[in-house]
Amino acid sequence: MIKRTIALLTAAVICMHSFAADGNKSGNPDPASRSGFSVRAGIGLTATRGNANLNSTACAWDIGAMYEWRFAKRWGFETGLALAHKGGAYRFDSDESIVLRMHYLELPARLRLHCPLGPVDISPYIGAFYGYAVSGRLYIKDEYGGDYENVCRGENNEIKRSDAGLTLGCGVTFKNGIYIGLNAEIGLLNIDTSEQDYYYPIAVDSRAYYGKSGNPDKYFPYSVSLQVGFRF
């Protein structure tokens, strides 16, 4: 699935590059001052919020292709496709840990404000994203070794495939097209499948009843990454 996702991103790069080339015939040498296509890659930290234990940070990364439409002098709308790695970890000690690793195909929609400042363009942004998990694994390590299970398919469908939330950050684009930015994504959907209250059997006076769970697990992924890229 990840190979097919990378192939899809490559096709998007080619198509968006052609679109950008057709749309930027004005001859403006500053790529940040017009509509255009960019590629980016980032690395950072990820964890989950909620009442579950996967609140220790783990490594996060992302790679994607974006296109920004400049609909006003200082405003632009940006969207594209990205492959993002998110999750979280819980470490008992140096020998025992649990790590959740999710790979999402993400579709962001951002509003950028461009602030030219000398040789650079500073562009804070805010928006939303939708992510679809193309794979997900829960890695369990103890003193006897390690193992993993797929958590997005089959009988072990413990994690929802869909995630959505807020994306915000700020980027700096140089006149030569080099892009450096800080990106944050805050998931607003509980991705654990036990989000709904569930019932379990209990015995009272030799008769079977069902008690209601009052504290189901909740996972809300978030990540922060430092991105570098190139604006065409």
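The values are calculated or read from the model by the stated rules, or taken from the named source; none is laboratory data. Predicted, not measured: the structure shown is a model, and the values here were computed from it. Cβ: placed from backbone, ideal geometry, glycine included. Neighbour counts: every protein chain shown.
Couple of notes before you dig in:
- Region 149-192, residues that are surrounded by fewer than 16 Cβ atoms within 10 Å (Cβ to Cβ), modelled with pLDDT under 90, of a type outside the set (Lys, Arg) and outside any strand (DSSP E or B): Gly154, Glu155, Asn156, Asn157
Here is a yes/no grid of residues against (1) farther than 25 Å from Ser33 by Cβ; (2) within 14 Å of the chain's Cα centre (by Cα):
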site: Thr79; (1), (2): no, yes
site: Leu83; (1), (2): yes, yes
site: Pro119; (1), (2): no, no
site: Phe129; (1), (2): yes, yes
site: Arg137; (1), (2): yes, no
site: Cys152; (1), (2): yes, no
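Residues checked against (1) within 16 Å of Ser162 (Cα to Cα); (2) of a type in the set (Lys, Arg); (3) touching a Phe, Trp or Tyr at 6+ places or on another chain (Cβ under 9 Å):
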| site | (1), (2), (3) |
| --- | --- |
| Arg101 | yes, yes, yes |
| Leu107 | yes, no, yes |
| Cys115 | no, no, no |
| Pro119 | no, no, yes |
| Pro124 | no, no, no |
| Arg137 | yes, yes, yes |
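- Looking across region 62-89, just one residue is exposed (fewer than 14 other Cβ atoms within 10 Å of the Cβ) and of a type in the set (Gly, Ala, Ser), and that is Ala72.
- Of all residues making up region 90-107, the number that are surrounded by 17 or more Cβ atoms within 10 Å (Cβ to Cβ), more than 17 Å from the chain's Cα centre (by Cα) and hydrophobic (A, V, I, L, M, F, W, C): 1
- Of all residues in region 199-220, at least one satisfies being modelled with pLDDT of 85 or more and surrounded by 17 or more Cβ atoms within 10 Å (Cβ to Cβ).
- Candidate set from region 95-110 (those that are farther than 13 Å from Gly80 by Cα and assigned to a strand (DSSP E or B)); member that is modelled with the lowest pLDDT: Ser97
Residue by residue, here is whether (1) in a strand (DSSP E or B); (2) over 18 Å from the mean Cα position of the chain (by Cα); (3) modelled with pLDDT of 95 or more holds:
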{"site": "Ala7", "(1), (2), (3)": "no, yes, no"}
{"site": "His17", "(1), (2), (3)": "no, yes, no"}
{"site": "Val39", "(1), (2), (3)": "yes, no, yes"}
{"site": "Leu54", "(1), (2), (3)": "no, no, no"}
{"site": "Gly88", "(1), (2), (3)": "yes, no, no"}
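- Selected residue [at pLDDT 90 or above and closer than 22 Å to Ala128 by Cβ] from Gly50, Gly80: Gly80
- Note on region 118-131: residues that are of a type in the set (Phe, Trp, Tyr) and crowded, with 16+ Cβ neighbours inside 10 Å total 2.
- For region 108-117, filtered to residues that are surrounded by 20 or more Cβ atoms within 10 Å (Cβ to Cβ) and not charged (D, E, K, R), the residue that is nearest to Tyr132 (Cα to Cα) is Pro108.
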